[in-house]
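What follows is a set of notes on a single structure, which appears directly below.
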Amino acid sequence: MKRFCLIFIVVLFPSAVAVANDNLQNLLEKINSTEQTEERLDLYWEIYFETLAMDLDLSFKYALEYNKLAISSDRLDHKSNSFWALAWLNKKLGNLDKSYENYLLAIHWGRLAGLKERIGDGFKNIGNIFKEVSEFDKAYQYYYDALAIYEELNLNPKIINTYRSISMGKWKEQNFDDAFKYAERALVLAIRDQNDKYINILYNLVGMINHEAGDYRKAREMYFESINNIDSLVNKSEILGIAYNNIGETFSKQGDFEKAHAYFDKALKEKRFLNKPKTTAYTLQNLGKLYLMKNDYSRATTFLGESISLMDVNKIDEDLTGAIEEITKAYDSANNQGLNLDLSPLLAYNKILSKQFRLTQQMRKQLIEQHNQYMLDRSFEKQDLQANIGQLQNTKLYLIWAGVLIIAVFLFLIFLMNRALKRAQRKSQEIVETLNQMKGVLGKSFQRMLEDDTFTITTKK
């Protein structure tokens with residue numbers, strides 16, 4: 001069975017590579033056969049994903065071409081996508097400062113294109129960059145900005161993942177209360193949504209926090225809980241490898257070296273099957289530390305040396321510095337015991353350690369400068385916005401007062417008209433009364449005249 005699996009992997013892997021190369025070739029032929037900018041942009045975005053798992057340098061080359069074309073176009077979404085591709089690749093290549101710069105540009109164009117989720121993802125990934133150089137306060141600022149967007153859009157999986165990132169930052173800071181708080185928030189949401197992927201991840205995280213807090217029994221309970229329901233997940237080997245490794249660490253801390261070794265071996269089997277050097281290196285490091293605790297310095301240096309060889313010395317990596325510190329202890333202990341171990345590798349390891357320190361300090365300095373400039377720009381934007389709002393408010397006030405004045409004048413005119421009408425009514429009444437009086441006087445006069453005429457006529461007769 002093992003032989004069959006080996007043959008299957010040997011046959012399948014070259015086949016997968018061949019298919020990927022064919023797909024890339026087809027995409028490149030399509031780009032060369034069209035002059036339509038829209039179509040070329042779409043094809044470059046596909047090429048980015050096609051080459052991402054194949055060759056980072058090749059992917060970076062096409063991402064630069066994509067970015068150049070996108071900048072010259074009027075497609076805001078592709079401008080954002082192209083800077084996103086460069087940001088992601090720079091992060092993978094260890095260029096954290098360039099990654100940060102490109103994420104900000106991806107966010108800028110994403111904002112103009114109305115891509116809210118892209119903006120949230122950018123903030124989230126920038127938070128991860130700052131967490132990597134242990135600038136936790138700045139990391140949390142970006143995480144909270146991302147959370148606000150994800151909550152507005154009701155993107156629960158991304159809310160869960162951001163809570164997880166905050167929890168991991170608090171865990172690294174040894175702030176276990178807050179680490180538990182954010183991990184439990186995420187776990188409650190994942191269970192409510194029946195999200196098996198994050199349920200697994202978060203049980204594992206809660207176990208890691210308990211482990212760091214010294215509660216190894218509870219940590220182990222969480223690790224076992226994390227692998228209870230993984231049948232629906234596709235990456236079972238990776239999940240098992242991580243869980244077995246973490247369970248082994250709890251037994252190692254409790255001094256049960258036999259059980260620790262058994263679980264490290266199980267983890268190593270799963271990880272080697274996946275052919276993932278970074279995660280394999282971590283378990284090799286744990287085996288080296290285990291042999292160091294057992295005072296078996298020869299095996300300790302063998303496992304720790306293999307662990308170091310699988311890591312990228314040109315990227316900031318806490319696990320790499322940890323492995324070098326452990327192997328230095330092993331050589332020092334062996335030397336103190338009078339054992340004849342070859343100490344020449346120590347010089348190379350110390351050079352790597354110095355390089356890691358320089359990289360970390362350099363990246364931290366550049367990122368802080370970029371962050372401060374970004375915050376300053378945001379401050380100016382906010383001031384401009386407030387000024388515009390102030391102008392709008394002043395204009396609004398002017399309009400309100402103008403409206404009030406017009407209404408007041410209108411009411412005053414109505415008052416004058418009403419007053420004039422009342423005067424006219426009084427005048428009319430006076431005229432009517434006068435006319436009535438005149439009518440009465442005239443009536444009496446006419447009556448007398450009539451009587452006088454009658455009298456006159458009668459006398460004449």
Quiz prompt | Equivalent ellipsoid semi-axes - Cα gyration tensor, segment 191-232, angstrom | solution = 20, 10, 6
Exercise. Compute the convex hull volume of the Cα atoms of segment 54-130, divide it by the residue count, and report the result per residue in Å³ as a whole number.
Key: 77 Å³
Quiz prompt | Vicinal HN-Hα couplings computed from phi for segment 72-83 (Karplus, 6.51 cos²θ - 1.76 cosθ + 1.60; Hz; Gly/Pro x) | solution = 7, 9, 9, 8, 5, 5, 6, 4, 5, 4, 5, 5
Quiz item: Of D296, D57, which has the most accessible area with a 1.4 Å probe, and how do the rest follow in descending order?
Solution: D57, D296
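Work through the residues other than N195 whose Cβ is under 14 Å from its Cβ and net out their charges, Lys, Arg +1 and Asp, Glu -1. Before the final figure, lay out each step's value.
Working: positive: K158, R164, R185, R192, K197; negative: D193, D196.
Neighbourhood net charge equals +3.
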Practice problem: Would you work out what percent of the accessible area of segment 24-115, with all protein chains in place, is carbon or sulfur (probe 1.4 Å)? | Solution: 50 percent
Quiz item: What accessible surface, in Å², does a 1.4 Å probe find on D77, ignoring ligands, DNA and RNA and rounding to the nearest 10?
Solution: 50 Å²
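Over segment 102-258, what is the relative contact order in whole percent, taking alpha-carbon pairs under 8 Å and six or more residues apart? Before the final figure, lay out each step's value.
Numbers: 181 pairs, mean separation 20.8, N = 157.
For segment 102-258, the relative contact order is 13 percent.
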Exercise. Using the heavy atoms of the protein chains and a 1.4 angstrom probe, tell me the accessible area per residue for segment 100-221 in square angstrom.
Key: 42 Å²
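What's the Kirkwood radius of segment 240-313 in Å, using all Cα pairs? Write down the numbers at each step before the final one.
Values: mean 1/r = 0.0841 Å⁻¹.
Computed over Cα pairs of segment 240-313, the Kirkwood hydrodynamic radius comes out at 11.9 Å.
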Quiz item: Leaving out ligands, DNA and RNA but keeping every protein chain, what accessible area does W45 have, in Å² rounded to the nearest 10, with a 1.4 Å probe?
Solution: 50 Å²
Self-check item: Cross-link table K131/K276; K91/K138; K181/K259, entries beyond 20 Å C-alpha to C-alpha
Solution: K131/K276; K181/K259
Quiz item: In nm, to one decimal, how far is the modelled label at T34 from the one at E151, with both set 7 Å along Cα→Cβ?
Solution: 4.2 nm
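Could you grab the relative contact order for segment 282-375? Cα pairs under 8 Å, six or more apart, rounded to a whole percent. Please report the intermediate quantities before stating the final value.
Numbers: 69 pairs, mean separation 23.2, N = 94.
Normalised by residue count, the contact order of segment 282-375 is 25 percent.
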Quiz item: What figure in square angstrom, to the nearest 10, would you give for the accessible area of K61 with a 1.4 Å probe?
Solution: 100 Å²
Exercise. Mind checking the full-extension length gain between D342 and D296? Use 0.36 nm per residue of separation minus the Cα-Cα distance, one decimal, nm.
Key: 15.1 nm
Quiz item: Tally Lys and Arg at +1 and Asp and Glu at -1 over the other residues with C-beta under 14 Å from the C-beta of K158: what net charge comes out?
Solution: 0
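The values are calculated or read from the model by the stated rules, or taken from the named source; none is laboratory data. Everything quoted here is computed from the prediction, not taken from an experiment. Here Cβ is always computed from backbone atoms with ideal geometry, including for glycine, and neighbour counts include all displayed protein chains. To get the accessible areas, we keep the full protein, side chains included, count just its heavy atoms, and leave off ligands, DNA and RNA. Shrake-Rupley method; radii C 1.70, N 1.55, O 1.52, S 1.80 Å.
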